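J.: This is the structure I want to talk about, given as structure tokens.
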Amino acid sequence: MGVLLYTHDACLRHDTGPGHPERAARLEVVLAALEAPRFAGLDRRQAPAASLDQIALVHPRDWAERLLAAAPRAGYVALDADTVMSPASGEAALRAAGAVCAGVDAVIAGEGARAFCAVRPPGHHAGPRRAMGFCLFNNVAIAAAHALRAHGLMRVAIADFDVHHGNGTQAAFYAEARVLYGSSHQMPLYPGTGAASETGVGNIVNMPLDPGSGGTEFRAAWRHSFLPRLEAFHPELILVSAGFDAHRDDPLAALELDEDDFAWITAELVRVAEHSCAGRVVSTLEGGYDLDALAASTAAHVGALGA
Ligand SMILES: [Zn+2]
């Protein structure tokens, strides 16, 4: 079975304003990298819009409706110092969440073993009632909740290797034992959460890394802290918050990973998935702000997914 690729034009039209690091050029270089001949076998699909019922699995419906209504007819609206909406942002947010839900539906239906969602805005900072950190809806959390609700899964894992802690994802599932969440991230760094002592109901595994940590420390953390827990959890589905801002060239953080490290963790997650859930992995783009590093890292990740 092949690898599915979900994206949508609206994700390119989500405009965060001049000088913003989370910009459309990020998705442009990702999509260009995935046009290389080695990716000719990707099963390319349009991301559907998530339904409000799907969004409401994580974000209260009244809050989600107010967020969508906050998009301006022209120009920009800043929700906080770094989270901005433009006219296309509402559709982009719905398509981003819808992509990950559609990826879940497709891999469970056996249409592909794995899926990558090349979407923006990213999602893992968005809390149930709070857009923040470039994120509007929490795409991966909505997809996890959708897998529980629509497909009746009882064990869904989320692996998050973005350099920032996925505080919104953690908050969504802090008391939800059916979801195992593992995150490696630089600490201290925005948003400030993600200490190893934050363990939820035993389902949260935080792996804070000191600034300057590289592949050795990153791989040791996953190998010793999360991968054994993941194997023991025996997930029915693995979701990935694939941020590439832990790359050594990224301007927003100070970890020292390279493309090989992203390929390594991806291959490890696929290995566990092959063992426990017919290889089902659905990954979605989170951060990554150096365009060259982002393109190369995404290609390494999607290649390791099996494309
Ligand atoms: Zn990030």
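The values are calculated or read from the model by the stated rules, or taken from the named source; none is laboratory data. Values in this document were obtained by computation on a predicted structure and should not be read as measured data. Cβ atoms come from the backbone with ideal geometry, glycine included; neighbour counts cover every protein chain shown. To get the accessible areas, we keep the full protein, side chains included, count just its heavy atoms, and leave off ligands, DNA and RNA. Shrake-Rupley method; radii C 1.70, N 1.55, O 1.52, S 1.80 Å.
J.: For segment 221-242, enumerate the residues that are under 20 Å from Gly287 (Cα atoms) and either open to solvent by 60 Å² or more (accessible area, probe 1.4 Å) or not small (Gly, Ala, Ser) (or both).
T.: Trp222, Ile238, Leu239, Val240
J.: Hey, another quick one. Please name all residue pairs, on different chains or six or more residues apart, with Cβ atoms under 7 Å, provided the first residue is in segment 28-57 and is in contact (Cβ under 8 Å) with a residue 60 or more places away in the chain and in a loop (DSSP other than H, G, I, E, B) and the second residue is open to solvent by 50 Å² or more (accessible area, probe 1.4 Å) and among the charged types (D, E, K, R).
T.: Ala47/Arg95; Leu57/Arg149
J.: What's the total number of residues in segment 255-302 that are within 16 Å of the ligand (Cβ to nearest atom), part of a loop (DSSP other than H, G, I, E, B) and open to solvent by 40 Å² or more (accessible area, probe 1.4 Å)?
T.: Counting residues in segment 255-302 that are within 16 Å of the ligand (Cβ to nearest atom), part of a loop (DSSP other than H, G, I, E, B) and open to solvent by 40 Å² or more (accessible area, probe 1.4 Å) gives 1.
J.: Can you tell me which of Arg114, Arg120 is within 13 Å of the ligand (Cβ to nearest atom), among the basic types (Lys, Arg) and in contact (Cβ under 8 Å) with a residue 12 or more places away in the chain?
T.: Arg120
J.: With (1) acidic (Asp, Glu); (2) in a loop (DSSP other than H, G, I, E, B); (3) surrounded by fewer than 20 Cβ atoms within 10 Å (Cβ to Cβ) as the list, and Asp245 as the residue in question, which single condition is left unmet?
T.: Looking at each condition in turn, Asp245 falls short on (3).
J.: When only residues in segment 190-207 that are open to solvent by less than 10 Å² (accessible area, probe 1.4 Å) and assigned to a loop (DSSP other than H, G, I, E, B) count, which is farthest from the ligand (Cβ to nearest atom)?
T.: Among those residues, the one meeting the criterion is Asn203.
J.: Can you go through Tyr181, Tyr190 and tell me which one is out of contact with any strand residue (DSSP E or B) (no Cβ under 9 Å at 6 or more places or on another chain) and either small (Gly, Ala, Ser) or in contact (Cβ under 8 Å) with a residue 24 or more places away in the chain (or both)?
T.: Answer to the selection: Tyr190.
J.: Can you find even one residue in segment 73-87 that is in contact with a strand residue (DSSP E or B) (Cβ under 6 Å, 6 or more places away or on another chain), outside any loop (DSSP other than H, G, I, E, B) and within 21 Å of Leu237 (Cα to Cα)?
T.: No, because not a single residue in segment 73-87 is in contact with a strand residue (DSSP E or B) (Cβ under 6 Å, 6 or more places away or on another chain), outside any loop (DSSP other than H, G, I, E, B) and within 21 Å of Leu237 (Cα to Cα).
Conditions tested, residue by residue: (1) in contact with a Gly (Cβ under 8 Å, 6 or more places away or on another chain); (2) open to solvent by less than 10 Å² (accessible area, probe 1.4 Å).
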position: Ala118; (1), (2): no, yes
position: Arg129; (1), (2): no, no
position: Val156; (1), (2): no, yes
position: Ala159; (1), (2): yes, yes
position: His165; (1), (2): yes, yes
position: Ala172; (1), (2): yes, no
position: Val179; (1), (2): no, yes
position: Ser183; (1), (2): yes, yes
position: Pro188; (1), (2): no, no
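J.: For segment 57-79, check the following and say yes or no: at least one residue is within 19 Å of the chain's Cα centre (by Cα), within 16 Å of the ligand (Cβ to nearest atom) and within 19 Å of Ala171 (Cβ to Cβ).
T.: No, segment 57-79 contains no residue that is within 19 Å of the chain's Cα centre (by Cα), within 16 Å of the ligand (Cβ to nearest atom) and within 19 Å of Ala171 (Cβ to Cβ).
J.: Which of the residues spanning segment 208-220 are open to solvent by less than 40 Å² (accessible area, probe 1.4 Å), closer than 20 Å to Glu231 by Cα and touching a residue at least 24 places away in the same chain (Cβ under 8 Å)?
T.: Correct list: Phe218 only.
J.: Okay, next question. If you take the residues in segment 230-245 that are of a type outside the set (Asp, Glu), away from the ligand (no atom under 16 Å from the Cβ) and under 20 Å from the mean Cα position of the chain (by Cα), which one is farthest from Gly288 (Cα to Cα)?
T.: Looking at the filtered set, the residue picked out is Pro235.
J.: Does Leu52 meet the test of being surrounded by fewer than 24 Cβ atoms within 10 Å (Cβ to Cβ) and under 23 Å from Val205 (Cβ atoms)?
T.: no
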